[in-house]
Amino acid sequence: MSKKNQPAIGYINQNAVAKPNQSKLIKVPYVSQYVPVKTPWGCAGASLAMLLGSQGQEITTSLLQKIQDNLPMQPTKGGQKGNVYTGVGFGYVIQPGALSKYARTFDKGKNVINISKKNLTLNDIKMHLQAGKPVLFYGFSSYQKPGDYVRNHCKVITGYRHGDFRVYDPLYYSRNDGAGSGGKNMAYDHGAIAWVPKATLQNEFCHKAITLK
C-alpha cells in the first residue's frame, strides 16, 4: 500500500494489513556452505537452498550438490567467477540476476525474483518479510579484509523484530555457531543465525537482493 510519490505504508496479505515495523519471523531452514557439502566459495548456492527450503523444498546432500555443481559460471552473463569447491580462479559470486534465473529452474524456485535496484532500501526488505518472503542479499563476510568494500557474500534475511533483522549466514559449519566462530572480522562475524541491528546491516547493504514474489 502506498500513495503516489510516497513511501510504502503497509502490505496487504491474506490475514490483514501488515505495517513495516511489525515483527515477523519466517520459517527457513539453515544451510551451511560447509556441511554436508563443503563449498567454501559457495555462499550463493547455500543461500539459494535456504530460499528453496522456505518453500517446502527438502534440503538433502544431493540437492546441495546439484545446486553447486550446476551454478552458472563465467562466461555466462552474471555467472560466478571461480570454483565453489576449491576457489580456483575466484573473483566474485554469481550476480542476483543470474542467480534468480537459475533459481527458477528448480520446482520450488519458480517464484524467485531479482529485486535489485539502486533505491532498494531496508524498509523495502521489511515489506517483503511482512509478506512471508525471506530475502537473499549481498553483503560482507566475516573474512572481510580492511579496505575491501566489495559485497561478495550472500546471506538470507529471515525476520524482523524491534529494529533488528534476523540474518542466516551460510559461512558457518552449524546453525549453532556463534559470533567469532567464523573469519574473526567482528564487524561481520555475527554467527550462523544472528539478530543484526538495522544500522549495522545498513552499513553493508548494497541494494542487491533476490526474494520470492
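Can you go through Pro20, Pro36 and tell me which one is part of a loop (DSSP other than H, G, I, E, B) and modelled with pLDDT of 95 or more?
After applying the criteria, what remains is Pro36.
Going by what's in this entry, would Leu120 be described as over 24 Å from Tyr143 (Cβ atoms) and in contact with a Phe, Trp or Tyr (Cβ under 6 Å, 6 or more places away or on another chain)?
no
Find the residue count for segment 117-141, including only residues that are farther than 14 Å from Tyr160 by Cα and among the basic types (Lys, Arg).
The total comes to 2.
Restricting the search to segment 181-197, which residues are touching a strand residue (DSSP E or B) at 6+ places or on another chain (Cβ under 8 Å) and either assigned to a loop (DSSP other than H, G, I, E, B) or on the phi < 0 side of the Ramachandran plot (or both)?
Ser181, Gly182, Tyr188, His190, Ala192, Ile193, Ala194, Trp195, Val196, Pro197
For Asp169, all conditions in the list (1) on the phi > 0 side of the Ramachandran plot; (2) crowded, with 19+ Cβ neighbours inside 10 Å hold save one; what is the number of the exception?
(1)
Yes/no matrix, rows are residues, columns are (1) of a type in the set (S, T, N, Q); (2) touching a helix residue (DSSP H, G or I) at 6+ places or on another chain (Cβ under 7 Å); (3) farther than 18 Å from Val150 by Cα:
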residue: Pro40; (1), (2), (3): no, no, no
residue: Thr61; (1), (2), (3): yes, no, yes
residue: Gln68; (1), (2), (3): yes, yes, yes
residue: Lys77; (1), (2), (3): no, yes, yes
residue: Tyr85; (1), (2), (3): no, no, yes
residue: Phe90; (1), (2), (3): no, no, no
residue: Gln95; (1), (2), (3): yes, no, no
residue: Tyr102; (1), (2), (3): no, no, yes
residue: Lys108; (1), (2), (3): no, yes, yes
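When only residues in segment 95-114 that are among the aliphatic types (A, V, I, L, M) and touching a Lys or Arg at 6+ places or on another chain (Cβ under 9 Å) count, which is surrounded by the fewest Cβ atoms within 10 Å (Cβ to Cβ)?
Going through the qualifying residues, I end up with Ile113.
Might you let me know whether segment 122-136 holds any residue that is within 23 Å of Gly183 (Cα to Cα), free of Cβ contacts under 8 Å to residues at least 24 places away in the same chain and not polar (S, T, N, Q)?
no
Please list, ordered by first then second residue, the pairs with beta carbon atoms under 6 Å, 6 or more apart or interchain, first in segment 78-90 and under 19 Å from Lys101 (Cβ atoms) and without any contact (Cβ under 8 Å) to a residue 12 or more places away in the chain, second among the small types (Gly, Ala, Ser) and part of a loop (DSSP other than H, G, I, E, B).
From segment 78-90, the pairs are Lys81/Gly91.
One line per residue, one yes/no per condition, for (1) under 20 Å from Cys206 (Cβ atoms); (2) at pLDDT 95 or above; (3) outside any loop (DSSP other than H, G, I, E, B); (4) over 18 Å from the mean Cα position of the chain (by Cα):
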| position | (1), (2), (3), (4) |
| --- | --- |
| Ala44 | yes, yes, yes, no |
| Ala49 | no, yes, yes, no |
| Gln57 | no, yes, no, no |
| Lys66 | no, yes, yes, yes |
| Thr76 | no, yes, no, yes |
| Asn83 | no, yes, no, yes |
| Phe90 | yes, yes, no, yes |
| Ser100 | yes, yes, yes, no |
| Ser116 | yes, yes, no, no |
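Output the residues belonging to segment 119-165 that are within 19 Å of Met186 (Cβ to Cβ) and under 11 Å from the mean Cα position of the chain (by Cα).
Gly139, His153, Lys155
Check off (1) charged (D, E, K, R); (2) surrounded by 20 or more Cβ atoms within 10 Å (Cβ to Cβ); (3) assigned to a loop (DSSP other than H, G, I, E, B) for Lys155 and give me the number that stays unchecked.
Evaluating Lys155 over (1) charged (D, E, K, R); (2) surrounded by 20 or more Cβ atoms within 10 Å (Cβ to Cβ); (3) assigned to a loop (DSSP other than H, G, I, E, B) leaves (3) as the failure.
With respect to Ser141, is the statement that it is touching a residue at least 24 places away in the same chain (Cβ under 8 Å), small (Gly, Ala, Ser), buried (at least 18 other Cβ atoms within 10 Å of the Cβ) and closer than 25 Å to Gly79 by Cα true?
yes
The values are calculated or read from the model by the stated rules, or taken from the named source; none is laboratory data. Remember, predicted model here, so these are calculated numbers, not experimental data. When we count neighbours, we look across all protein chains shown, and the Cβ atoms used for this are built from the backbone with ideal geometry, even at glycine.
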